[in-house]
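For reference, the structure is listed below as structure tokens.
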Amino acid sequence: MGECAGMFHSTRERLNNILGWRAAASIAWSLLLLPLCVAVFISISSIDLFHPIQWITSSFNDLYTSYVVFCILLMSVVIVVINIFSVEFHTVVPSIPCSRLALISKIIHPQQVIHSVAHAVMGMLVAWCAAVMTKGKFLFLSVPCTATESTADVDPYMCLNEYHLFLLLLGAFMGYSYSLRYLVNNLNYLPFPVIQQYKYLRFRRSLPLLVKHSCVESLYMVRNFCAAYYLFGYIPRAWMITTMNLQIDSKLPLLDTVSGLLDFSLLYHSWLCGLFLLMSWYIAWLLFRIFATEAHHFPVQPTFAEEADQCLPKILSSNPPSLLKFLALQDLMFLSQYSSVRRQEVFSLSQPGGHPHNWTSISRECLNLLNDLTQKLLIHQDAAAANGRLKQQPVSDLGQPSSPPVAAAEENLFQTPRFSTVPRTNISSLVKSSRLPFKTSPATDLGSSLGSPFNPSPLSRKPGTLELSSPWHGSVQSPHIMRRGPKLWTSGSDLQWTGSPHEPHPTVAITKGTNEAVQPQFIYTWLQKKKEQLKSFLSRRVLIMYFFNKHPEASIQALFSDTQMHIWALEGLSHLVAASFTEDKYGVVQTTLPAILNTLLTLQEVVDKHFKLPYVSSKPPRISGSLADTSYKTLRFALRASLKTAIYRITATFGEHLNAVQVSSEHKKRLQQFLEFKE
């Protein structure tokens with residue numbers, strides 16, 4: 001226990017060291033670019049094309065004034081806080097709400113509320129800096145009234161400068177809107193670039209899109225704020241007048257009227273203020289994303305004993321934080337393709353002892369990732385078969401149950417009635433291959449355990465594998481499939497009910513080992529019946545279904561949201577196996593080659609089965625050219641292509657030698673198709 005805690009502390013410290021320096025570098029570059037943004041803002045806000053020399057001179061002189069220097073310092077604090085929020089909220093797996101209710105729950109989450117309030121306050125500070133640097137009628141919150149009937153010896157009344165108040169509220173509105181877009185558009189998601197480039201080139205390539213997006217977004221935000229201020233602008237104005245004991249200047253139009261809002265100068269400076277806010281924040285966000293996703297090289301073998309926890313095999317097998325694991329898998333992918341020296345370290349044997357510890361750790365972790373993905377997809381497919389479809393059990397199931405003990409314990413109360421006696425179709429290869437153990441054993445057992453996954457004994461089934469009575473074995477359009485209405489929720493008991501929720505469910509007494517009859521539990525039956533009636537009642541309410549209905553595409557995207565690391569594991573493992581044909585001097589890869597082929601072929605069958613589901617699109621969605629990265633929407637298509645490429649890479653390298661590898665008959669047929677390039 002202490003060793004695990006020490007390993008976790010070591011990986012956490014390693015992540016803090018890597019991410020800390022990258023965050024510090026992004027903050028430093030953001031602060032260096034801030035004076036340039038301020039200079040551009042001052043120049044554009046005081047533009048005068050008829051007197052260009054005077055315009056340039058005055059803009060240059062304003063940069064050295066005390067209030068501009070103070071605004072730069074205040075903006076620097078805001079930029080640091082923005083980067084701190086980026087570090088704390090970053091993620092490498094996007095959060096995809098599958099329903100409207102899930103999205104609402106994300107918005108009202110306490111962390112998101114703190115994020116939104118903090119950004120609203122920082123937006124107001126940035127807007128105040130913009131108003132001060134703009135000068136003119138936006139400079140102060142209170143100004144002397146222009147229409148005073150008092151004599152010269154009486155001090156004039158102070159009136160509220162609604163233009164200044166308008167900019168302050170606009171900054172708060174933009175800050176809150178930025179926070180919501182940050183959540184909804186998954187701006188905290190860190191996408192790793194497919195093509196590696198220098199940081200400067202990545203920034204230069206993204207800068208035009210950033211400027212365009214900021215201009216358009218600022219325009220829409222100003223439009224939305226003007227509509228909100230037209231409806232509710234009198235509330236903050238009355239509060240400010242009452243709190244600060246100010247007057248309303250009767251010579252100036254109120255800004256919550258049409259004539260007040262149709263002021264070109266007000267709209268222009270409001271748009272410019274929003275552009276300045278979004279540009280400065282998006283530059284800090286972009287720099288952090290560029291620095292955080294930069295490739296990192298982990299040593300394969302430690303130079304000193306103290307560096308053992310920082311090596312690639314140790315990090316992969318220690319369950320590190322998500323960002324560190326993604327960086328390690330990305331480094332494994334680069335290592336397997338471009339570095340023959342580091343590949344030799346992977347294939348090397350330990351001294352003394354002569355054990356392939358590096359290859360064992362790396363291959364075991366990659367296989368565990370792929371098997372976990374296989375299990376997750378099988379569970380999803382089984383749930384899809386249970387939701388909206390009827391599961392059929394054969395006649396013999398009532399007399400001789402063939403389910404494992406866990407399933408028998410769940411079905412000891414009720415059993416599904418028989419609907420037909422249509423003979424079953426042949427067992428598909430998916431059912432056979434899906435019984436692979438989802439956690440691989442050590443490398444010494446990988447080659448010897450190949451026969452066990454295909455054991456027909458029902459006790460060898462794992463959770464998430466397809467049952468023989470499932471309608472998803474064989475053809476998708478099975479004659480056993482019977483449709484029913486959509487359901488609001490899917491519970492464990494729903495997998496057993498097959499009749500209408502309004503009809504009483506038949507009870508069948510199940511005999512135990514002592515042949516004692518189990519009495520039907522009528523109270524439990526009555527409660528389940530009422531539960532189904534409540535679900536049916538709620539499912540007919542349009543408003544409830546509007547919030548609870550799950551979008552199929554969003555559910556599929558959430559299922560494949562972390563597939564990037566599986567793609568890297570596929571590519572790294574397949575490249576290492578292909579390179580071992582000529583570089584593996586000790587044959588350490590050959591001992592695990594059967595397990596690798598079994599895992600890849602099983603995963604390919606499951607992925608192909610997933611794409612044959614009725615509601616799954618076979619074409620990738622069009623990726624918009626927006627600032628928010630949406631590449632996670634096409635990860636399942638990238639996984640399918642990478643998986644097929646990985647298998648072809650191995651078969652093209654080994655050729656007919658794969659016929660000597662011990663795999664199942666179904667997998668041999670599939671391998672032969674790959675060898676003949678017919679897949």
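The values are calculated or read from the model by the stated rules, or taken from the named source; none is laboratory data. Model, not experiment: these values are computed from the prediction. The protein model used for the area step is the full one, side chains on, heavy atoms only, and it has no ligands, DNA or RNA in it. Shrake-Rupley method; radii C 1.70, N 1.55, O 1.52, S 1.80 Å.
Going down the list 609/633; 106/212; 644/669; 376/644; 212/619, which pairs span over 23 Å between their C-alpha atoms?
Values: 609/633 19 Å; 106/212 28 Å; 644/669 15 Å; 376/644 19 Å; 212/619 29 Å.
Over 23 Å Cα-Cα: 106/212; 212/619.
To the nearest 10, the accessible area of residue 575 is 40 Å² with a 1.4 Å probe. Each Cα pair under 8 Å and six or more residues apart adds its separation to the average, and for the range 137-246 the resulting relative contact order is 29 percent. Across 85, 537, the residue with the most accessible area heads the list, and the full order at a 1.4 Å probe is 537, 85. The residues 125, 36, sorted by heavy-atom accessible surface at 1.4 Å with ligands and nucleic acids left out, run 36, 125 from largest to smallest.
For residue 546, the accessible surface of its heavy atoms amounts to roughly 110 Å² (probe 1.4 Å, protein chains only, rounded to the nearest 10). Largest first, the residues 653, 645, 602 sort by 1.4 Å accessible area into 645, 653, 602. By a 1.4 Å probe calculation restricted to protein chains, residue 225 has an accessible surface near 10 Å², given to the nearest 10. Probing with 1.4 Å while keeping every protein chain in the model, the per residue accessible area of the range 44-144 equals 53 Å². How would you classify the range 523-563 from its alpha-carbon gyration tensor, with a ≥ b ≥ c the square roots of the eigenvalues: rounded for a/c under 1.5, else prolate if a/b is greater than b/c, otherwise oblate? Oblate, because a/c is 1.5 or more while a/b does not exceed b/c.
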